[in-house]
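Trainee: The structure is given below, and queries will be raised subsequently.
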Amino acid sequence: MTRTILSLGLSGFLLAVLLGSCRSNEEAAEPDLSCISGQVVGPSCNGTLIQLPADVALGNTISYADTLRSNVIGTYSELPAGVGPGDKFTFSLRKPTKAEATPRICLAIYSTFDVPQMVVEGPRCQR
């Protein structure tokens, strides 16, 4: 009986270790959002749309101005001065708070897109 309990305890421990390693692999798969170079797509009801590089699998595919764009996010953040549609720039991303992700009043000339809302901040690149 003691041997069975010990065997069950060891099996449970091994299962916990395996599950823990799976979680670590998932966390490792999270993209690094501290230093990204993306391209401004344009304005929308989601704020400014930004196309991320393919290796930062975070955004969605949308059709904007009759062009299919992949890996696009939206942001209400202010972009650096002089950065506009078509421009590439380097930044960091983070998930927004509820207040930061709340939809804003939108002009009827803009569309809403099914894209993740993120907060754009200054880049935190390793130098």
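Trainee: Any idea which of ILE109, ILE105 is of a type in the set (Val, Ile, Thr), loosely packed, with under 12 Cβ neighbours inside 10 Å and over 24 Å from THR67 (Cα atoms)?
Mentor: Details: ILE109 fails: over 24 Å from THR67 (Cα atoms).
Only one candidate passes the filter, namely ILE105.
Trainee: Kindly provide the set of residues from region 61-81 that are open to solvent by less than 80 Å² (accessible area, probe 1.4 Å) and touching a Leu at 6+ places or on another chain (Cβ under 7 Å), ordered by number.
Mentor: Those that are open to solvent by less than 80 Å² (accessible area, probe 1.4 Å) and touching a Leu at 6+ places or on another chain (Cβ under 7 Å): TYR64, ASN71, VAL72, ILE73, GLY74.
Trainee: Sticking with this one: In the set ASP87, ASP55, ASP114, which member is at pLDDT below 95 and open to solvent by 40 Å² or more (accessible area, probe 1.4 Å)? Steps first, answer last, please.
Mentor: Values: ASP87 fails: at pLDDT below 95; ASP114 fails: at pLDDT below 95.
Only one candidate qualifies: ASP55.
Trainee: Scan region 96-105 and tell me whether some residue there is at pLDDT 95 or above, of a type outside the set (D, E, K, R) and in contact with a Cys (Cβ under 9 Å, 6 or more places away or on another chain).
Mentor: no
Trainee: Here is a follow-up. Only one of (1) touching a residue at least 24 places away in the same chain (Cβ under 8 Å); (2) over 13 Å from the mean Cα position of the chain (by Cα); (3) open to solvent by 40 Å² or more (accessible area, probe 1.4 Å) fails for ARG94. Which number is that?
Mentor: Of the numbered conditions (1) touching a residue at least 24 places away in the same chain (Cβ under 8 Å); (2) over 13 Å from the mean Cα position of the chain (by Cα); (3) open to solvent by 40 Å² or more (accessible area, probe 1.4 Å), the odd one out for ARG94 is (2).
Trainee: So in region 99-118, with the set limited to residues that are among the β-branched types (Val, Ile, Thr) and touching a residue at least 24 places away in the same chain (Cβ under 8 Å), which one is nearest to GLY47 (Cα to Cα)?
Mentor: THR112
Trainee: Could you list, in sequence order, all residues of region 49-62 that are without any contact (Cβ under 8 Å) to a residue 60 or more places away in the chain and either among the hydrophobic types (A, V, I, L, M, F, W, C) or within 14 Å of VAL120 (Cα to Cα) (or both)?
Mentor: GLN51, LEU52, ALA54, VAL56, ALA57, GLY59, ILE62
Trainee: Does ARG127 satisfy the condition of being part of a loop (DSSP other than H, G, I, E, B), at pLDDT below 95 and touching a Phe, Trp or Tyr at 6+ places or on another chain (Cβ under 9 Å)?
Mentor: Answer is no for this residue.
The values are calculated or read from the model by the stated rules, or taken from the named source; none is laboratory data. These numbers were taken from a predicted model, which means no experiment stands behind them. We place every Cβ from the backbone using ideal geometry, glycine too, and count neighbours over all the protein chains shown. To get the accessible areas, we keep the full protein, side chains included, count just its heavy atoms, and leave off ligands, DNA and RNA. Shrake-Rupley method; radii C 1.70, N 1.55, O 1.52, S 1.80 Å.
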